[in-house]
2 protein chains.
Amino acid sequence: MDGRRLRRRRAARRRRGPHSTRTPRDRRGPPVAGQDLEEGLVTPLVPPSESERLARVVLSRAAEPGDLTVASLVLQLGAVGAVQAQLEPKADSQLHRRLEEVDPARELEQAQTLGIRFVVPGDPEWPLQLDDLTHGRLDWLGMGGPPIGLWVKGPMPLTELAESVAVVGSRSATTYGTTVANDISAVVARAGLAVVSGAAFGIDEAAHRGAVAAGGATVAVLACGVDRAYPAEHRALLAHLASHCAVVSESPPGASVTRLRFLTRNRLIAALTQGTVLVEAAIRSGALNTASWAHELNRVVMGVPGPITVAQSQGVHEWIRSGGATLVANGHHVLEQVGAAGEHLLEVPREEPKARDRLSATDQRVLEAVPLVQPADVTSIARVARAHVRDVDSALRRLERTGFVLRVEQRWRQSVAVS
Amino acid sequence: MDGRRLRRRRAARRRRGPHSTRTPRDRRGPPVAGQDLEEGLVTPLVPPSESERLARVVLSRAAEPGDLTVASLVLQLGAVGAVQAQLEPKADSQLHRRLEEVDPARELEQAQTLGIRFVVPGDPEWPLQLDDLTHGRLDWLGMGGPPIGLWVKGPMPLTELAESVAVVGSRSATTYGTTVANDISAVVARAGLAVVSGAAFGIDEAAHRGAVAAGGATVAVLACGVDRAYPAEHRALLAHLASHCAVVSESPPGASVTRLRFLTRNRLIAALTQGTVLVEAAIRSGALNTASWAHELNRVVMGVPGPITVAQSQGVHEWIRSGGATLVANGHHVLEQVGAAGEHLLEVPREEPKARDRLSATDQRVLEAVPLVQPADVTSIARVARAHVRDVDSALRRLERTGFVLRVEQRWRQSVAVS
């Protein structure tokens, strides 16, 4: 069991590749005081004790996702220690009060009734790529850090997210955008990678549906509890994901959506996946927040271009322009970007070879020298081709037979104007 | 006169900036033997002698554009010397015969009758940026080097091309492509830069028309003589350019188009301009040849993205993807790319500030913590916002007055679901 987990962990580390060697800190200069969690602390290899798990339930219920004070205490003291520290008289009175209210065993029991499990660091299912959030700098409104735990509904183990891609974008997407998100997700899912998104209207929805239609894996990460449907119109979609794949949240069952929770949710989408694909995002789209997290976490950020006349592509174009995102024009480009070295490398696309490509070098050269419109004599063509008249003459006869040139009296022109 | 030309040359060099310090050779490794012309040879500062000019007429008529043997001889021996060398018995017999046939004085006279002038290195009008072709490596089928001279029809002096942009692309363009080419050219032309293109169908045509409509300068560089119209459908457009701006060719009057001449023409479009904008180009579009020349000459290569579902954008996307081209989404982006430092720098576009951006930091934070759907009580909101209940309570009342939140009995939710 332990051997298997170790192998899995090593495999996950291998897949993550550059993340471990090049932290955001390397790119962004020295850390801001107090804005970094302790380095070197990673997920423990052993499953947590029962008291540790219950303490995490308490914290998950009592604290907001992405609360750095709590995350920092947990990393330093463990969850039990963090709860105890917060229960001391001097600690934040509100959190204090909340902590006393929670009955973690009952929470877990209730969740289980709803088919929801609580996955914590040390569990075999814990996605090790979330360790990267331990080293992440703060970004939005003082939020960040690894999650206390993940509430999960659905049969898919979260370890499958070790090979996954986030496909996110505008809620008010165009038909172009949803078509493209659908197609890209289908290719990614067919290649065996899980498609992660936020179950929102527009691109998110198309991403999930594309993966589902391709018979692949897709996971929704929500800003509310996994027992709730937000938006309500996606109740059926979320039910499908919960019964075939997985729906995940940092917030406990029953939690409602808030703007802050959307932002902390975005960091999870970025951290869980190897890369984030932006499909349509206006200048102020929330999807760009996910891209920022992905960038911060050294994940690959990819952008699908669109017409420059459409506002929904503007944010994506800005990211590509500034070098923050790599342009991807299909699912294979995405696979190439997130794949291990050489795994999904693409050849530069070329059109089908044309008939003229099959001509000999001499014939091609002569053909290039034949005028497109006004016929020319063999001497003139020989001059342009810089070849001997005799060779040009025989080449022209070959080209006439194969239909490339036309003879007009004793002069020659190309048979199709291709300018 | 000389002082003015020197200043102009210096200004041109300044504008060209990085070209002088970073030649393609630096980028591409050691030169291939015989593929580089002599370095350090630049345009002479004094006007050419009459015999030199006539010798260039002879060579322009007798040799093909981009003939490196001829270009190399001219750089080493001058045009007169090059003609003499080629007239020696051992030299290429075809060129030899051609050289003897040309009557350069009569050629110039006939051209003048047609309103065509022959501009050669040393003339005040000679575009000094063409010097960069002296250092260029070969590219296509052994062609390259600076032109022997330029045949010009139209009132615009070629020195105005010192500030210019090439806008090129697919002949079989989409409506999106021609609209975009038109708009970008209009912005570029309105900023005082000349728009250079090849007068072909599709993007080229739209580029010229956009600049004309904006009342700006635009120059067509042709693969045939400037007295001819190719394509014939653009006779009126070319006549307009010849009477208001300029039509330019390396080939003498009467010359017809060939594929080779299109390729050598493309190198001129790239060399004359500060940067090349690709607007729609399929994987095998000729416009990509212009982009290759621009890249080779250290000019800025820019690409306008489009729908990934359209073949005409595929070549452009590949160039952006590979890092060969910078994404531009409007004419201002183009100006920013080719402009001198700080000249056309753009601010990153942002949407108009929203009403919520004008709220105080506290009110924003509280608003972010208010649920979007299910109303929550003040204690719960205070916990999410990590603020004191008393402060949250007064913030909620302010937010209610300004219409951001709704009170439902003693609970609160956001008034507009913005997820």
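The values are calculated or read from the model by the stated rules, or taken from the named source; none is laboratory data. Just so it is clear, the model here is predicted, and its values are computed rather than measured. With ideal geometry, Cβ positions are generated from the backbone for all residues, glycine too; neighbour counts draw on all protein chains shown. The accessibility values were calculated without ligands, DNA or RNA, using every heavy atom of the protein model including side chains. Shrake-Rupley method; radii C 1.70, N 1.55, O 1.52, S 1.80 Å.
Descriptive notes on the structure:
- Unique match (being farther than 16 Å from A:Gln274 by Cα, open to solvent by 10 Å² or more (accessible area, probe 1.4 Å) and not charged (D, E, K, R)) among A:Gly323, A:Gly315, A:Gly306: A:Gly323
- Candidate set: segment B:257-274, residues that are of a type in the set (S, T, N, Q) and open to solvent by less than 20 Å² (accessible area, probe 1.4 Å); chosen: the one farthest from the other protein chains (Cβ to nearest Cβ): B:Thr273
- Any chance B:Arg228 is touching a helix residue (DSSP H, G or I) at 6+ places or on another chain (Cβ under 9 Å), within 14 Å of another protein chain (Cβ to nearest Cβ), open to solvent by 20 Å² or more (accessible area, probe 1.4 Å) and more than 27 Å from B:Asp132 (Cβ to Cβ): yes
- Qualifying positions in segment B:167-218 - assigned to a loop (DSSP other than H, G, I, E, B) and among the hydrophobic types (A, V, I, L, M, F, W, C): B:Ala173, B:Ala191, B:Leu193, B:Ala199, B:Ala200, B:Phe201, B:Ala214, B:Ala217
- Number of positions in segment B:275-323 that are hydroxyl-bearing (Ser, Thr, Tyr) and at the interface with another protein chain (Cβ under 9 Å from one of its Cβ atoms): 3
- Flag if B:Arg235 is within 14 Å of chain A (Cβ to nearest Cβ) and without any contact (Cβ under 8 Å) to a residue 12 or more places away in the chain: yes
- Residues satisfying the stated conditions in segment A:292-313, i.e. without any contact (Cβ under 8 Å) to a residue 40 or more places away in the chain and out of contact with any Pro (no Cβ under 7 Å at 6 or more places or on another chain): A:His295, A:Val300, A:Val301, A:Met302, A:Gly303, A:Thr309, A:Ala311
- Residues in segment B:364-419 that are open to solvent by 70 Å² or more (accessible area, probe 1.4 Å) and assigned to a strand (DSSP E or B): B:Leu406, B:Arg407, B:Arg411.
- Where a residue in segment B:111-125 is free of Cβ contacts under 8 Å to residues at least 24 places away in the same chain and its partner, wherever it lies, is buried (at least 20 other Cβ atoms within 10 Å of the Cβ) and assigned to a loop (DSSP other than H, G, I, E, B), with Cβ under 7 Å and at least six apart: none
Here's the yes/no breakdown for (1) on the phi > 0 side of the Ramachandran plot; (2) out of contact with any strand residue (DSSP E or B) (no Cβ under 7 Å at 6 or more places or on another chain); (3) open to solvent by 10 Å² or more (accessible area, probe 1.4 Å):
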{"site": "B:Pro127", "(1), (2), (3)": "no, yes, no"}
{"site": "B:Met143", "(1), (2), (3)": "no, yes, no"}
{"site": "B:Pro157", "(1), (2), (3)": "no, yes, yes"}
{"site": "B:Arg190", "(1), (2), (3)": "no, yes, yes"}
{"site": "B:Gly198", "(1), (2), (3)": "no, no, no"}
{"site": "B:Ala211", "(1), (2), (3)": "no, no, no"}
